[in-house]
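Here's the structure, in structure tokens; my notes come after.
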Amino acid sequence: MKRSVKTYSLLAILVFPCLLSSAQRQLVKKWETDSILKVPESVFYDKKNRVLYASNIDGQPDEKDGKGSIAKIGLDGKIINVEWVTGLNAPKGMGVYNNTLWVADLDEVAAIDIKTGQITQRIKIDGAQFLNDITIDKKGVVYVSDSRGKTVHTVTNGNATLFLDNLKGPNGLLAHDNVLYVLDNGALFKVEASRNLVKLADGMEGGTDGIEPVKKNEFIVSCWGGVIYYVNADGSKEKLLDTREQKINSADIGYDAKNRIVYVPTFWKNSVVAYELK
């Protein structure tokens, strides 16, 4: 009997730490901005300039009303400028390359000079219905998803080209380590060089929205409805946050990889919340 107890104890020591290490992942709230943003859909962490950008829809997500803007927020949660950039419609996903902030804005992609805060270029995406997220690879190629058009487009040297079609409802995009990842209808896919899609994880309800890399083959995925997942390399998922009962959305997240801070736009609640990934 004593021998059995020792055996079980040894198994617990060997096995349980692995289980606990994953189960203990959590998001710990650090701060929340004042609720004076204007329907923030996306947050982007600008590592170089040590600042956050938040896209203000300021109205309905599909209205071309000219009310949209970009806010600038300090890393302490203090809002520097609610409307740092104006003249947009319903801005959503963002990306930065060579001091230019690229923004998805319904049927066009806007280029903003970070130094001046001025819109320098607007690139029309032919046939676009609801441009949603943006990611930029190391060569400066801009990828933008059209959730209603069920497509992904690229923008290079001011020219837009269809890249993927026949999707179900693509949103979150991530260009990382020379690979493009796409969130489509509750699932995470890797895009191969042939442009075939390989499913890495699925079953993420609530409208898969933002995706950020944590380490090799592991990601944080946000769902617009109010859920944030940690996706492991084997495709398994851990629920880090669920604010659906409080009716708090978790749209397109930003991430400070060095300090493991996740920035969450709350959409209709008009704030951004910072969490530390533990």
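The values are calculated or read from the model by the stated rules, or taken from the named source; none is laboratory data. These numbers were taken from a predicted model, which means no experiment stands behind them. Backbone-built Cβ (ideal geometry, glycine too); neighbour counts: all protein chains shown. All accessible areas refer to the heavy atoms of the entire protein, side chains included, with ligands and DNA or RNA removed. Shrake-Rupley method; radii C 1.70, N 1.55, O 1.52, S 1.80 Å.
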Residue selected from region 172-190 under the condition within 23 Å of Pro61 (Cβ to Cβ) and part of a loop (DSSP other than H, G, I, E, B), by the criterion least open to solvent (accessible area, probe 1.4 Å): Gly186
Residues within region 264-278 that are surrounded by fewer than 20 Cβ atoms within 10 Å (Cβ to Cβ) and part of a helix (DSSP H, G or I), tallied: 2
Qualifying residue in region 60-71 (condition: open to solvent by 10 Å² or more (accessible area, probe 1.4 Å), free of Cβ contacts under 8 Å to residues at least 24 places away in the same chain, over 19 Å from Trp268 (Cβ atoms) and not in a strand (DSSP E or B)): yes
Given (1) buried (at least 20 other Cβ atoms within 10 Å of the Cβ); (2) small (Gly, Ala, Ser); (3) not in a strand (DSSP E or B), index of the condition Gly210 fails: (3)
Strands (runs of 3 or more DSSP E) contained in region 74-171 and holding at least 3 residues buried (at least 19 other Cβ atoms within 10 Å of the Cβ) and either basic (Lys, Arg) or on the phi > 0 side of the Ramachandran plot (or both): none
Pair list, Cβ < 7 Å and 6+ apart or interchain, from region 144-161 residues that are under 11 Å from Lys124 (Cα atoms) and free of Cβ contacts under 8 Å to residues at least 40 places away in the same chain to residues that are open to solvent by less than 50 Å² (accessible area, probe 1.4 Å) and of a type in the set (S, T, N, Q): Thr161/Thr154
Positions within region 234-251 being open to solvent by 10 Å² or more (accessible area, probe 1.4 Å) and either among the acidic types (Asp, Glu) or closer than 21 Å to Thr135 by Cα (or both), in sequence order: Asp234, Glu238, Asp242, Glu245
Checklist (1) within 14 Å of Arg25 (Cβ to Cβ); (2) within 16 Å of the chain's Cα centre (by Cα); (3) surrounded by fewer than 23 Cβ atoms within 10 Å (Cβ to Cβ) applied to Ile228, failing item: (3)
